[in-house]
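The values are calculated or read from the model by the stated rules, or taken from the named source; none is laboratory data. All of these numbers come straight from a predicted model, not from anything done at the bench. We place every Cβ from the backbone using ideal geometry, glycine too, and count neighbours over all the protein chains shown. Note: accessible area is taken over every heavy atom of the protein model, side chains too, but ligands, DNA and RNA are not part of it. Shrake-Rupley method; radii C 1.70, N 1.55, O 1.52, S 1.80 Å.
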Amino acid sequence: MENILIQHPWIIALIVIWSFPWKGVALWKAARNSHLGWFVVLLLLNTLAILDIIYIFVFSGNEKAKQEEANKQAYEPRRVRYSASQGSFEAPEDQQNPAVPNRTAARRRRMM
């Protein structure tokens, strides 16, 4: 095996050219997703880009997009109506967003 690498140094160059971009993308995604464990493993292990490719396509996901979608739903503007008898604003029942706490209901509970 060592003789093959000594006789054909282009094999090492080919391995580096193949592994380097995959490792770069995998490390970048792990850092962006705050996956410290994956970052350390990908940095220390050289598996000819196999582990890097698996991380990129299976485990990295798009967590930032999922978080942004959840935030968008949580802060989506709602129509509200004023209840003169209770002296407060509240959203119609069909527009209640479970991600946003109903402050009016919480205030009523404190008043009781």
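So residue 85 clears everything in (1) modelled with pLDDT under 70; (2) of a type in the set (Gly, Ala, Ser); (3) open to solvent by less than 80 Å² (accessible area, probe 1.4 Å) except one condition, right? Which one?
(3)
Where the second residue is open to solvent by less than 90 Å² (accessible area, probe 1.4 Å) and among the β-branched types (Val, Ile, Thr) and the first is in a helix (DSSP H, G or I) and lies in region 41-60, which pairs have Cβ atoms under 8 Å and are six or more apart or on separate chains?
51/41; 52/25; 56/25
Looking only at region 36-50, filter to residues that are out of contact with any Ser or Thr (no Cβ under 6 Å at 6 or more places or on another chain) and buried (at least 18 other Cβ atoms within 10 Å of the Cβ); which one of those is farthest from residue 17 (Cα to Cα)?
It comes out as 38.
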